[in-house]
1. Is segment 51-69 home to any residue that is open to solvent by 70 Å² or more (accessible area, probe 1.4 Å) and either at pLDDT 95 or above or in contact with a Leu (Cβ under 6 Å, 6 or more places away or on another chain) (or both)?
2. Quick one: would you say LEU136 is touching a strand residue (DSSP E or B) at 6+ places or on another chain (Cβ under 8 Å) and open to solvent by less than 10 Å² (accessible area, probe 1.4 Å)?
3. State yes or no: is LYS233 surrounded by fewer than 18 Cβ atoms within 10 Å (Cβ to Cβ), at pLDDT below 95 and either of a type outside the set (Ser, Thr, Tyr) or in contact with a Gly (Cβ under 6 Å, 6 or more places away or on another chain) (or both)?
4. Could you check segment 99-126 and list, in sequence order, the residues that are closer than 20 Å to SER172 by Cα and surrounded by 19 or more Cβ atoms within 10 Å (Cβ to Cβ)?
5. With GLU202, GLU179 as the choices, which residue is among the acidic types (Asp, Glu), closer than 30 Å to GLU43 by Cα and in a helix (DSSP H, G or I)?
6. For segment 139-158, state whether one or more residues are open to solvent by 30 Å² or more (accessible area, probe 1.4 Å), within 15 Å of THR201 (Cα to Cα), free of Cβ contacts under 8 Å to residues at least 12 places away in the same chain and of a type outside the set (Gly, Ala, Ser).
7. Restricting attention to segment 141-148, does a residue exist that is of a type in the set (A, V, I, L, M, F, W, C) and outside any helix (DSSP H, G or I)?
8. Do we have any residue at all in segment 74-81 that's surrounded by fewer than 17 Cβ atoms within 10 Å (Cβ to Cβ), in contact with a helix residue (DSSP H, G or I) (Cβ under 7 Å, 6 or more places away or on another chain) and in a loop (DSSP other than H, G, I, E, B)?
Amino acid sequence: MPQEPEDYSQAGNPIYRHKSQESEFEPAVGNEEVFESVQRHVEAHIGPIENVYHELISDKVHLDVLFCPPSEAFPFNTLISCGMSSRPMNAPEGAEHLQYGELVLALPPEWPLNQEDFKEESNYWPIRWLKTLARLPHDYSTWISYGHTIPNGDPPEPFDSSTGLSGWILLSPFLFPEEFSESTTASGHKLHYYLMLPLYTEEMQYKLDYGADALADKLADINISPVIDPKRKNAIKKRGIWPFKK
């Protein structure tokens, strides 16, 4: 059964609070059909895959991360989940066509991406969360899709001491050609690709109050790049204690 929302935001968006699901470990192996489909799609629309971060032990779904280095067309590091779509998400009635998805991250070209670099959480948190969000629907029997926001805790806390960012929103992968947003596996499953953009707590609250499109407008107003910047500006200014400007 699809999870029922616990509440609704001011903008009418459903709010889900995911609770731990007690379940036995389900060993999973890579789904060759999904891997080949995603790999072929990525190389057709983004470029050559230089590396694959393989998962050694998998629960419920086998999740790898594909890495495309910066190119002239896309001058940033691109990481794509591969395996989230091995199982359908628990989408609600009316959204059954959104049961299968994969996630995309854009990181600056200078971002450290070696295994040794990942020992520093300041380098690893985006990759950690790419894996976390790709597993979330299967771990909690839920779904994620365009416009959904996911906080780091309740209340949200920064991902790391190196940043004030504390949550995510899923957007269309507009950095890439429009054709990249969807692909179809050999068995006919339609996969949807979502760009992960980290947010500040105030931005997540603004989205809940006014909707994803209103937040997107706010981000565009100050030219927020979809390429992750841990120190970027906050699109929703915090209110000061003193209500009058000097």
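1. Among the residues of segment 51-69, not one is open to solvent by 70 Å² or more (accessible area, probe 1.4 Å) and either at pLDDT 95 or above or in contact with a Leu (Cβ under 6 Å, 6 or more places away or on another chain) (or both), which makes the answer no.
2. no
3. No.
4. Applying the first criterion (closer than 20 Å to SER172 by Cα) to segment 99-126 yields 99-108, 126.
Across segment 99-126, the qualifying residues are GLN99, TYR100, GLY101, GLU102, LEU103, VAL104, LEU105, ALA106, LEU107, PRO126.
5. Values: GLU202 fails: closer than 30 Å to GLU43 by Cα.
Of the residues listed, the single one that is among the acidic types (Asp, Glu), closer than 30 Å to GLU43 by Cα and in a helix (DSSP H, G or I) is GLU179.
6. Yes, segment 139-158 contains a residue that is open to solvent by 30 Å² or more (accessible area, probe 1.4 Å), within 15 Å of THR201 (Cα to Cα), free of Cβ contacts under 8 Å to residues at least 12 places away in the same chain and of a type outside the set (Gly, Ala, Ser).
7. yes
8. no
The values are calculated or read from the model by the stated rules, or taken from the named source; none is laboratory data. If you're wondering where the values come from, they're calculated on a predicted model, not measured in any experiment. Because the Cβ atoms are built from the backbone with ideal geometry, glycine has one as well, and the counts that use them run over all protein chains shown. Surface areas here come from the heavy atoms of the whole protein model, side chains and all, with no ligands, DNA or RNA. Shrake-Rupley method; radii C 1.70, N 1.55, O 1.52, S 1.80 Å.
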